Each structure stands twice: as structure tokens, then as C-alpha cells.
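Below you'll find the structure, written out as C-alpha cells, and then a few comments.
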Amino acid sequence: MADPPADLEIRPLRPGDDPDAQLDLSERAFGPGFGTDRDRRLRSLSRLVAGGRYLGAFVGGRPAAAAAIQDMPQWWRGRPVPMAGVSSVTVAPEYRGLGIGRLLMTALLDEIAARRYPLSALFPATMPLYRSLGWELAGARNTAVIPARSLLRLVPPDALPPDALPPDALPPAPPAPPRLHRAGPGDAEAVTAVLGRVHEAARDCGPITWDAASAAEWLADPGLYAYLAEDGVLAYRWHHRDLFAERAEAISARTVRAFWAQLGSHASIAENVQARTGPASAFWWLTQERDAQIARRSRWMLRVVDAAAAIAARGFPAGVSVRVPVRIADGARPANSGRWQLTVAGGAGTLEPLGPAGPASPAALPGSSLTLGARGLAALYAGTPLVTLRQAGLAAGGTAADDAALDAAFAATPYMLDAF
């Protein structure tokens, strides 16, 4: 790899910087957008620049690379953890192979830490660079597809046996359908709040929620049909002959059923329903036949930026108690490195320092304590079993009993519904 240019400058974009030059850089990396997409990119760029969240690399004053920090909570076991979503990572074709991407991402990680984010996540176009700086695979964003006609009749709920009801109780009446309100930009705060309650109630791991301004822009899209219930959000659009459900998230069984029934009611026109949904969504248990399939999957990566803060902010199973010594070696974030006492009890966790760390490689740190590098820590946080981490060379040391306890504490199947 050649050396980076001597006149390379990495800094936050300023309001006076040319936005068209940044869009040109983005389009050379990702391809041109449509007119409406370009307008949306300009609005997003303006917000990020105003917040100091868009980092640029310049050579001779001309844009050579860029990356952005999106501010969003990410839900972990039903608790929102502040998270820096890394987006719009671009390097101009003529400046690739010069190490500019690494320098830019190193500076971006420093900025994320300075803003005191415990976590960072991204969708990688390529993984070696991100892995070298401590990001690791954590979860997936899936798009399911099912023939629309398969949603016309959902699987009925099980009937309660008579001996499960009080002797003088009448059989339960079918629940009334929920009241759905057509949602627009003025409902952005309510939509965000309801989605947060959904993820909290489901003890979800991985989904994000947007700020009110971003949610309002999403709801303002004339092609989006969004509905707000007391305990859920349904949002979909037409995609050629298919219906594309971006959200069908709710707390109660009656609202979940109402959402999928409303999507199925389009079966006379729609051939299929494509849907972004989680691996434990009730959707998978509501269809009569094995018609639903995963049509597309994209993987995302996680980085633990502040280990102690990330553990303190995460939710854990209430019935699990763990007390394990852990050794962390994180060359890019030295504040994470050291010997720690990891404690989980009552649904909460703490990471308290015990002493200094040794060399930077997990394999080079002998002893009885579990030893993790930055990638191993990220994967553990996301619920990857210890046996997998050991097989991948991301963990060493520790005991079988500790492994079992940590697997129970961090158990998760992380997913996202949004890209950024």
C-alpha cells in the first residue's frame, strides 16, 4: 500500500463546504440516486454537518473520503443504549489503496469515543478494515417474502382448556380490532415512542429507533402508508406488484394480527408481501403454510467503544447471575484494556476494573481469566456463544462454567429493521 498524500487533511465538514462535491463523492462510490433521493441526501448531509457528525478527508482541498455518525439508540435486551451508527463511508476511486480509509475510520472512532457513545454499528461493504479497528459481525437485517394470499387466513390462536378458566367465567369473546390512525409527520414523536415500547416489551436486541426529525421525514414520504395503533406501528408501500412492509411491529396479539391481516387484505392486487421483520416476530407463527422465506439478508457489525458503559447500559435476563473475571485487550481503545470483574444480576450488568492488561493479542494473554480482544468483546455483547468465539480465535482462557454463565447472560439473536 502506498503512503497517504502529504497534504491529506481529515476534519469535520463545515457549513461552507460544497455539498455537491460531497454528493459527487457519494455517487461515485454508491451510484447516482434519483431526484427525490438526492434531495433527501442533501437534507441529511445538512443536518449531519450542522451537528459536526460528518467527517471528511481532503487532498489539496478536494474531497477524497468521508464518513458520518448517526445518533440513535440501539435496543439491547429491551434497554436503549446510545449508539453511533457509521454511515456514508466513501473513498474516491482515485484515492483508494493509499490508507486514507483507515486514517479516516481511526479518526471517526476517536470522535465516536469523544462523544461518549458506548457502542457503534455499521453495515459493511467490506469487512477487513472494520475488523482491524474492532468491529465484528453481530446481527442481520432480513427481508421476508410471502404470497399475499397466504395472509388472508392467519392461524387461529389456541383455545384455552376449560379447566384453565374460573368455574363461573364465560368463554372469552374475540378481541375487538385495534383502532388504527393514519400517521403523518406530526405523529413522529408518538411513532418513535410506540416503537420504543415495542422493543422494550419484546426485550429486543439490535433494533434502532430514529430521532423525531428523521421519523418525520420518513412519515412525510408520499409513497408510504403508515398507521399508528395504541401499541404498534404499521408502515408499508407498493413495490411494483408487491407490498413492502417496512414496519409491522406491535405489543399485543390483537394488534399484530390486525397488521398482518391488513397487509393480507391487499391479496386481490398484490402478488407478494415483502416484509422487514425479526427472527422472533409472531409473523413466522401466524401463516398457515411454509410459504414465508428469507429473500434477502444483510449483515451488520458492532463495536464496543466504552466497555464499562456498554455493559451498564445493556439489559440482561433477570434470572441470570454471573460474576466472572475478564481480560480485555483493545489496541484501538486502550481505555477498554485491562482486567475487569464482569457482574450480572437482577437484569443489570457492571464491569469494574481489577488491574492492567498485558499484550494486545488475546492468544498471548495466558491465565485462567477469559481473555477477549475488541472483536471478541463485540461478538460476546451481541450474544455469540463462547464456543464460537473460541473456534474463531476471538476468545481464550476462562472455564466451562464461566462460558455457560456468560452464554446465558448475553443470549441474543440480534437483528435490525433499518439500514443507515
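Observations
- Test: Ile112 is assigned to a helix (DSSP H, G or I), among the β-branched types (Val, Ile, Thr), at pLDDT 95 or above and within 20 Å of Thr209 (Cβ to Cβ): yes
- Residue match in segment 28-35 (condition: touching a residue at least 24 places away in the same chain (Cβ under 8 Å), open to solvent by less than 30 Å² (accessible area, probe 1.4 Å) and over 30 Å from Arg314 (Cα atoms)): no
- Considering segment 257-272, the residues that are among the hydrophobic types (A, V, I, L, M, F, W, C), out of contact with any Asp or Glu (no Cβ under 7 Å at 6 or more places or on another chain) and open to solvent by less than 20 Å² (accessible area, probe 1.4 Å) include one that is farthest from Tyr415 (Cα to Cα), namely Leu263.
- Every residue from segment 42-78 that is under 25 Å from the mean Cα position of the chain (by Cα), at pLDDT below 95, open to solvent by 50 Å² or more (accessible area, probe 1.4 Å) and not aliphatic (A, V, I, L, M): Arg43, Ser46, Arg47
- Boolean, Asn336 is free of Cβ contacts under 8 Å to residues at least 60 places away in the same chain, in contact with a helix residue (DSSP H, G or I) (Cβ under 8 Å, 6 or more places away or on another chain) and crowded, with 20+ Cβ neighbours inside 10 Å: yes
- Hits in segment 292-314 - residues which are closer than 16 Å to Asp418 by Cα, open to solvent by 20 Å² or more (accessible area, probe 1.4 Å) and out of contact with any Ser or Thr (no Cβ under 8 Å at 6 or more places or on another chain): Ser298, Arg299
- Any hit, segment 369-390, residues being farther than 19 Å from Trp75 by Cα, at pLDDT below 95, open to solvent by less than 50 Å² (accessible area, probe 1.4 Å) and of a type outside the set (Phe, Trp, Tyr): yes
- Residues located in segment 176-193, provided they are more than 16 Å from Met72 (Cα to Cα), in a helix (DSSP H, G or I) and either in contact with a Gly (Cβ under 6 Å, 6 or more places away or on another chain) or touching a residue at least 40 places away in the same chain (Cβ under 8 Å) (or both): Asp187
- Within segment 368-415, tally of residues that are in a helix (DSSP H, G or I), within 28 Å of Leu129 (Cβ to Cβ) and small (Gly, Ala, Ser): 4
- For Gln22: the one exception among (1) open to solvent by 20 Å² or more (accessible area, probe 1.4 Å); (2) assigned to a helix (DSSP H, G or I): (1)
- As a summary of the residue check, Arg290 satisfies the conditions (1) among the basic types (Lys, Arg); (2) farther than 30 Å from Asp39 by Cβ; (3) in contact (Cβ under 8 Å) with a residue 12 or more places away in the chain except for the one numbered (3).
- Looking across segment 119-131 at every residue that is under 17 Å from the mean Cα position of the chain (by Cα) and under 21 Å from Leu417 (Cα atoms), the one that is most open to solvent (accessible area, probe 1.4 Å) is identified as Ala125.
Each row is one residue, and each column tells you yes or no for (1) open to solvent by 40 Å² or more (accessible area, probe 1.4 Å); (2) under 30 Å from Gly315 (Cα atoms); (3) of a type in the set (D, E, K, R).
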position: Pro185; (1), (2), (3): yes, no, no
position: Val191; (1), (2), (3): no, yes, no
position: Glu200; (1), (2), (3): yes, yes, yes
position: Cys205; (1), (2), (3): no, yes, no
position: Thr209; (1), (2), (3): no, yes, no
position: Ala220; (1), (2), (3): yes, no, no
position: Leu224; (1), (2), (3): no, no, no
position: Tyr227; (1), (2), (3): yes, yes, no
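- Residue match in segment 147-167 (condition: free of Cβ contacts under 8 Å to residues at least 40 places away in the same chain and either under 23 Å from Ala84 (Cβ atoms) or within 18 Å of the chain's Cα centre (by Cα) (or both)): no
- Qualifying residue in segment 116-133 (condition: farther than 30 Å from Thr255 by Cα, at pLDDT 95 or above and among the charged types (D, E, K, R)): yes
- Residues within segment 376-420 that are of a type in the set (A, V, I, L, M, F, W, C) and touching a residue at least 60 places away in the same chain (Cβ under 8 Å), tallied: 16
The values are calculated or read from the model by the stated rules, or taken from the named source; none is laboratory data. As the structure is a prediction and not an experimental result, all values here were calculated from the model. A quick note on method: Cβ atoms are made from the backbone with ideal geometry, for glycine too, and the neighbour counts reach across all protein chains shown. Heavy atoms of the whole protein, side chains included, go into the accessibility calculation; ligands, DNA and RNA do not. Shrake-Rupley method; radii C 1.70, N 1.55, O 1.52, S 1.80 Å.
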